[in-house]
Amino acid sequence: MHSEKNTVEAVVLWLNDVIWNPSFIWLCLGVGLFFSLMTRFAQVRHFAEMCRLLFRSDNSSEHGISSFQALSVSLSGRVGIGNIAGVAAAIGFGGPGAVFWMWVVAFLGASTAYVESTLGQIYKVRDVKTGEYLGGPAYYFERCLGWRWYGILFAIAAILSCGLFLLGPQANGVANAMAEVFGEGKMVESGLVGSVGTHRLITTAGVLVLLGFIIFGGIKRIANFAQIVVPFMALAYIILAMIIVFININHVPALFALIVGDAFSPTAGLGAAIGMGVKRGIYSNEAGQGTGAHAAAAAEVEHPVQQGLVQAFSVYIDTLFVCTATALIILMTQQYNIVADQHFAGEATQYLVANLKDASGAVINVDPGTTAYTQYAMQSVFGKSGPVLVAIATFFFAFTTILAYYYIAEINILYLARKFGWKRDVTLIVKLSAMFAVAYGSISSAGYIWKIGDIGVGLTAWLNIVGLIIIFFVTGRPTIRALRDYERQQKENAAVYTFDPEKLGIKNATFWEERIKASKNHD
């Protein structure tokens, strides 16, 4: 059994290294910079418009959810365990400088999020059975490029990634956070993963019951849950971080100097900091991964660019606000160690920095890939209630992310069902596989669970980013044309925005073509 585990771990680590090779990390940064230049830094120029669209009145319909609901659903995918344990891992493996590179990938990634989300809107379709809007990379690869095979390939990767690989770290993070607060409880034997604590089993059961109730209610139920929970929890978490900042306000200049200085140091900035910052940044904000485009496509909007801008703003919320909050909590309280070896090795771990020590002065050996650093940091300020606050935040962040991942997996299996003539009941497979992945991830003690999640991120990100580049150069830059059309209507102070793809030379945007025809017939 032990040798089998070692073999699986070796395969997981090998796949991770292949997918996340240095060329891919630089590709992610390069594509973000490229789209920033091509959109003339729309993520900066249209910041006020992003805020206006975010807080405008509800625009949902019987077929689509509102822009704010779509933002909440995509944020539920972006704001997850990566914002707490992921930031801790970035600091633990890459040093404080990794935070700077998370900021960079968020700023540049906002333009990538605009592109993929606008494409999701342009090429969305209406489900013939439910009337709901469906879209995402699989849809825009087929309709924009005409590459049905590439759409199928992405859909398969998204189902594996979001329906299996990415659920484990979220569920594991929830269970670990609860275990930090309440302990593991009485240990019982499990044939699947060995000994499991009763408290972990209770947490797993609670998550599964709530998950089943929501995912069997469709996108509307997911959206209604997300729009209430996600903004509230994100704001509450940021407020807690700001309390710590105000308590340590005199350390702020030195802290930012530490982050920036470490980002460009020869030992950290040119190696682990960039790699971990980019990896954890993409894992957290999902820009370029293609996942945000699914929720964007479900929104009811007047013009595709509107949802593209809203989704770009969600990257800011995720990384510049929530991830930064975690980074400030950990760095200000100095409750972290920096691991010399990126493959955490338990008792044999060597540390570059060892701030976490017990009363006797011995280094506390904590896996950076958990919520422990954040819980130690909160405890240093709020006492025993600190870990409880982190556990609550972790639960809601991770649970809403599980919902978002499930939704993405369902959208993609519906895409395959349309292509191959399968019955809609095939979505039951995704529901059951998602619940199994959550159960296994929650009770598993495998130290490489985060690496499995990284494989999931890399699979979809590779396919999506390469596809976005091909779309840009082969199909006449539809997202740039759409942006210019939107900016023209802005200058004309349009009371109601319209989108006519045929006038813009954008082909196969059948949803919008039909809407224009229906509007003309009505007039």
| Accessible carbon and sulfur surface of the range 352-422 relative to its total accessible area, %, 1.4 Å | 59
| message | Under the 0.36 nm per residue contour assumption, what length would be gained going from the current alpha-carbon distance of R481 and F246 to full extension? | response | 80.1 nm
| said: I'd like to compare 476-483, 14-21: which one has the highest average count of other Cβ atoms within 10 Å, and what's the full order after that? | reply: 476-483, 14-21
| request: Identify, among L166, G135, M102, the residue whose Cα sits farthest towards the positive end of the charge dipole of the range 83-168, taking +1 on the Cβ of Lys and Arg and -1 on the Cβ of Asp and Glu, with the dipole about the Cα centre. | output: G135
| Within the accessible area of the range 100-210 (1.4 Å probe), percent carbon and sulfur | 67
| task | Using +1 at the Cβ of each Lys and Arg and -1 at the Cβ of each Asp and Glu in the range 455-502, identify which of V466, P501, A482 lies farthest towards the dipole's positive end. | result | V466
| remark: Note: R40 to F256 extended length (0.36 nm per residue) minus current alpha-carbon separation gives 75.0 nm
| message | Sorting check: for 232-245, 159-172, which peptide has the highest mean count of neighbouring beta carbons within 10 Å, and how do the rest follow? | response | 159-172, 232-245
| task | Could you size up the charge dipole of the range 423-488 around its Cα centre, putting +1 on the beta carbon of Lys and Arg and -1 on that of Asp and Glu, and report it in debye to the nearest 20? | result | 220
| message | Quick check on packing: order 385-395, 104-114, 463-473 by the mean number of other C-beta atoms within 10 Å, highest mean leading. | response | 104-114, 385-395, 463-473
| query | So for the pair A494, A205, with labels modelled 7 Å out along Cα→Cβ, what separation do we get in nm? | reply | 5.5
| Efficiency of FRET between Q334 and I392 - r from beta-carbon atoms, R0 25 angstrom, step 0.05 | 0.60
| query | Each label point is 7 Å from the Cα along the Cα-to-Cβ direction; what then is the distance between the points at F232 and W26, in nm? | reply | 4.7
| remark: Whole-number value, in Å³ per residue, for the convex hull of the alpha carbons of the range 384-523 is 229
| field | Pairwise Lys count, the range 343-498 - Cα closer than 25 Å, eight or more residues apart or different chains | value | 4
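The values are calculated or read from the model by the stated rules, or taken from the named source; none is laboratory data. Quick caveat, the model's predicted, so the values are computed rather than measured. Don't worry about glycine lacking a Cβ; one is built from the backbone with ideal geometry, like all the others, and counts go over all protein chains shown. When the accessible area is computed, the model is the full protein with side chains, heavy atoms only, and any ligands, DNA or RNA have been set aside. Shrake-Rupley method; radii C 1.70, N 1.55, O 1.52, S 1.80 Å.
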